[in-house]
Each structure stands twice: as C-alpha cells, then as structure tokens.
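Q: Structure incoming, see below.
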Amino acid sequence: MGRRHHSIIAKLNRNTKERKSLFRIQLKQLIELGSLITTVTKAKIIKRLFDRLAAKASGGTLSSRRLVAAELGSPKSANRLVDLIIPAMGGRRSGFTTIQKVGVRRGDSTSTASISLIVPLPETPKKEVKAEKVIKKK
C-alpha cells in the first residue's frame with residue numbers, strides 16, 4: 001500500500017494516532033465552548049473537519065448521531081451538536097465556522113488564530129431540580 005500523494009491534511013509532526021486525537025479534542029472543545037485559539041494551520045484543518053461533521057449531523061437521525069459520536073468519541077458532544085448547534089445554524093449547508101488571526105504566540109513566534117462558530121452558542125437546557133421531600137418528625 002503506497003502513500004497518497006498530495007495529502008490534504010498536514011502531518012503537523014505527529015503520527016496518525018496523535019493527530020486524530022488532537023483533532024478530536026479540538027472538535028469537542030469547539031462544540032462545548034463555541035470557540036478556541038490554536039495555530040492557523042490547525043484552525044484551517046479543524047474548520048474543514050467541523051464542516052464535514054456538521055454535514056453528517058444535519059440529518060438529525062439516530063444513525064447520523066451515532067456517526068458523529070463515533071468520530072468524536074463522545075455521545076454527549078454529538079448530542080449537543082445535533083440538538084443545539086445545528087438547529088441554531090438554520091438551513092446552512094457549510095461555512096459553520098470562522099477563522100480570525102489573533103497574533104503571534106510568544107514562545108515560538110507561531111501565528112495563532114481563533115476559530116469560532118458563526119452563530120452564538122445556544123445555552124444548554126438545564127434540568128429541573130426536583131424538590132426534595134421534607135419528612136417531618138413527630
């Protein structure tokens with residue numbers, strides 16, 4: 001089996017497992033927090049991956065939920081994406097995120113960027129707290 005020439009995703013000086021893990025973590029952060037700051041190269045890759053993930057999640061079916069959960073490794077994040085974020089996007093088919101250059105990282109002079117969702121992140125519905133039963137002693 002040979003190497004695919006002109007590979008789309010940069011290697012980022014990591015092996016395959018490290019790279020997939022890095023992208024999975026950053027995708028989960030983007031879903032949970034709505035934005036994150038990383039290098040420009042990683043932000044461009046995350047944008048591409050998030051668009052693909054959101055396209056899968058747009059169906060809203062059980063199978064699409066499971067596909068997204070398998071890719072993220074977290075059913076909680078998958079449900080948040082399918083239930084809250086995708087409906088907030090409206091009928092959008094792509095372009096779910098924006099990249100804005102932030103500046104230069106002080107330690108190694110790498111240019112950094114902020115990647116965030118197009119629409120503001122909807123609040124998570126809070127579960128109602130059940131009233132505790134008060135037992136009166138006689």
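We did not get these values from a lab; they are worked out from the coordinates using the rules stated. Keep in mind that this is a model prediction, so the values were computed, not measured. Virtual Cβ from ideal backbone geometry, glycine too; neighbours counted across all protein chains shown.
Q: Treating each Cα of the chain as an identical point scatterer and ignoring solvent, apply the Debye formula and state log10 I(q)/I(0) at q = 0.12, 0.18, 0.21 Å⁻¹.
A: Normalising to I(0) and taking log10 leaves -0.56, -1.07, -1.32.
Q: Provide the packing ranking of 19-28, 84-93, i.e. peptides ordered by the mean count of other C-beta atoms within 10 Å per residue, highest first.
A: Ranked from most to least packed, the peptides come out as 19-28, 84-93.
Q: Which pairs break 18 Å Cα to Cα here: 44/76; 76/101; 28/56; 76/126; 11/56? Provide the component values of the computation, followed by the final result.
A: On the way: 44/76 25 Å; 76/101 30 Å; 28/56 15 Å; 76/126 14 Å; 11/56 24 Å.
Pairs exceeding 18 Å: 44/76; 76/101; 11/56.
Q: A follow-up question, please. Distance in nm between label sites at residue 119 and residue 104, each 7 Å beyond Cα in the beta-carbon direction?
A: Those two pseudo-labels are separated by 3.9 nm.
Q: Report the gain in length on full extension from residue 6 to residue 18: 0.36 nm times residue separation, minus Cα-Cα distance, nm rounded to one decimal. Intermediate values should be presented prior to the final figure.
A: Working: separation 12, 0.36 × 12 = 4.32 nm, distance 2.05 nm.
Between residue 6 and residue 18, full extension yields an extra 2.3 nm.
Q: Find the relative contact order for the chain and round it to a whole percent, using C-alpha pairs within less than 8 Å whose residues are 6+ positions apart.
A: Result for the chain is 26 percent.
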